[in-house]
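To keep things clear, I will list the structure first and then write my remarks on it.
Just so it is clear, none of the values below were taken in a lab; they were calculated from the coordinates. Remember, it's a predicted structure, so these values are computed and weren't measured experimentally. FYI the Cβ positions are ideal-geometry reconstructions off the backbone, even for glycines, and counts take in every protein chain you see.
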Amino acid sequence: MATHDARTQHRRAPGSGGPAAQLHAGDRVGAARALLPRLYAGEEITTDADVLAEDARAASDVAGECAALYSALAAASFAEQTDRVEAIAGTIVQRATHGRSPVWEAVGRQYLARLRLAAQQENLAFREVIAAELLVDEVADSPGLAVALNGIAVAYSRLELYEESERTYARLHEVAHAVGDHWSRVALVHNRLLNRASWALALLRIGEDRAATERLTTAARQAREDADVGDSPAQSDIDALLLFTDLMTDGVALDEARRRFTALLAHAKGEAIGFARFGFAYRLMINGQLDVAREQATSSLATVHPIDGDPVHSMLRWLRARIALLAEPDHAGLRDVGDYAELAARQVWQLRERRREAAKERLRTGRMRREHERVERASLEDPLTGVANRRRLDRERTALLDVDDRTWTTVVYLDIDHFKPINDALGHAVGDAVLCELATILRRTTRTNDLAGRYGGDEFALIAPDCDPDEAVRLAERLLAAIRAHRSWPTGNGVGVTVSIGLATARGPNSQLFLAADEALYAAKANGRDRAETRILATDLAALAVTE
């Protein structure tokens, strides 16, 4: 099912540089979003998206990086590069998870849900879209949230959970207008109208004609009220869907409808035009022009492909059967087939209702579980920086006595050089901001299974499992390089921050690891700061004997 993530007009400034030129912190999401209209206009944006992603990665800007990756994902999707789409979506999830950005993790997961649906893996898609919604339950409004909500709503619609899709679009309506994101408002108008059109067809299939008409009347009215989308590439598709609603609700004369349809053929895409074609045939049937209606449905079938998830193709076949029954109401065989088809449709609808209840239950239990995890995490998390607190570090410290005697473990102590003068000269608010910035760099630079934590003050620790001496040295070098290269410290006037690092590594359980890392830290400070000192320990046989 084709959907619009959102569309708007864009012009590049003559002679402008690449997307990373003249960017400041916080600008990268906007720059990435500005790539999408160029994509819809037929431009190649992959290179610019990659440049933006690299620039954001260097600046530890997780939101900017994920937004740029999303633009690259959209380009790959347009090029029908399914493997690349899945790889980029997975990368977005990985980077967002590691960078603690639930909004962009949700963006990645909702796209994975769509991919699972395309592969007919409905259960996997169902789990991904529920996980995506749980991630954005309580996050603040932003363009990224608008992207996530649009994708979640689209995935719900493809799962035929139209009510959940509508509920999500209601939230998107508030978010898109709150953040002033034109691109998301376009997506909202198009995709919400598409969801309601699909919902109406499903109601028709189970004989709820009046409910379908009422839903389409409401959909058309709200779409026209919200259609302040300007001259966008999505406008023709929106117009085709509005023509469908007018035809289904007797809101347009057939001659006028044909004129609008002819004008749209050159611009609207297959799915939207498919709905308009169905609307023509249905309207002709309602008007009693059964032969013409049958011809219209038959010719439309030749142009509408049976795409998975697109309801128009199957509904055109349903329409032809309904026309046949109207033409021969006394034909017992046709009546039996019609009754059986309606029974089967109602059974499918009941399955859909059970899936909807399952979605509600999963959301309820998921929210309960996340609240429990939030409370548990709060007890193990430093409230200022978000990394592990002393309690969590001490718990892991005890667990190190149970590691396998062949496993290398590394412990890192890290102190900010001359932190007290920063607090004294610039105030504790700036000092706290420096600590938070350092914590972000630690999360951004270390491996996924490394545990970064704050013991207190300006003292941080890092526990790195499966980290041998060579990797430990590389870890220290990587940390020093990232901190030296960082340009967004809140100290003002381009003043940087340096750290001293003490590192100890041992194979097997060793009760002296933390003490050795502390001694190495003092050596780094004594030897001039802004450096790392390393200690490699022999196996602690006493500790090993205890664990055995």
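Here are some notes:
- Put in line by how crowded their Cβ is, counting other Cβ atoms within 10 Å and starting with the fewest, D382, D530 read D530, D382.
- Its Cα centre serving as origin, the chain has a Cβ charge dipole (Lys and Arg +1, Asp and Glu -1) of approximately 680 debye.
- Report summary: the helix-based calculation at 222 nm, which adds -39500 (n - 2.57) for every DSSP H run with n ≥ 4 and divides by the residues of the chain, gives -21500 deg cm²/dmol.
- Estimated FRET transfer efficiency when R0 is 41 angstrom, pair T398-R57 (beta carbons, to 0.05): 0.70
- In a fully extended conformation the segment linking L363 and D432 would gain 21.3 nm over its present Cα-Cα distance, using 0.36 nm per residue.
- Stretching L380 away from R100 to a fully extended chain increases their span by 99.2 nm, per 0.36 nm per residue minus the current alpha-carbon distance.
- Shown is the FRET efficiency for L515 and T47, computed with R0 = 45 Å from the Cβ-Cβ distance and rounded to the nearest 0.05: 0.35.
- Extending 7 Å from Cα along the Cβ direction at Y340 and again at Q222 yields two label points whose distance is 3.8 nm.
- Cleavage-rule hits (GluC sites (Glu not before Pro)) in region 312-377: DSSP loop, at most 11 neighbouring Cβ within 10 angstrom: none
- Between region 458-507 and region 145-180, the Cα center-to-center distance that results, in Å: 41 Å
- Dipole moment magnitude, nearest 20 debye, region 390-547 about Cα centre, only Lys, Arg, Asp, Glu C-beta charged: 380 debye
- The relative contact order of the chain comes to 10 percent, based on Cα pairs under 8 Å that sit 6 or more residues apart.
- Theoretical FRET efficiency, 1/(1+(r/R0)^6), r = Cβ-Cβ of D470 and E371, R0 56 Å, to 0.05: 0.85
- Peptide ranges 65-71, 262-268 listed from the most packed, as the mean C-beta count within 10 angstrom indicates: 65-71, 262-268
- Mean separation of Cα contacts under 8 Å (6+ apart) over length of region 390-547, as relative contact order %: 31 percent
- Computed over every Cα-Cα pair of the chain and binned at 20 Å starting from 0, the pair-distance distribution P(r) comes out as 19, 42, 26, 12, 2 percent.
- Share of alpha-carbon pairs per 5 Å distance bin for region 95-202, given as whole %: 2, 15, 24, 24, 21, 10, 3, 1, 0
- Footprinting exposure proxy for W183, W104, W349, W199 (fewest neighbouring C-beta atoms within 10 Å first): W349, W199, W183, W104
- Among beta bridges that DSSP assigns inside the chain, antiparallel share in %, nearest 5: 75 percent
- Positive end of the dipole of region 390-547 (Cβ unit charges, origin at the Cα centre): among H428, T448, L515, the Cα lying farthest that way belongs to H428.
- Placing a pseudo-label 7 Å from each Cα along the Cα-to-Cβ vector at A332 and L124 gives an inter-label distance of 5.0 nm.
- Antiparallel beta bridges, as assigned by DSSP with both residues in region 390-547, represent about 80 percent of the total such bridges.
- Label-point gap, in nm, between A302 and A482 - each point 7 angstrom along Cα→Cβ: 6.2 nm
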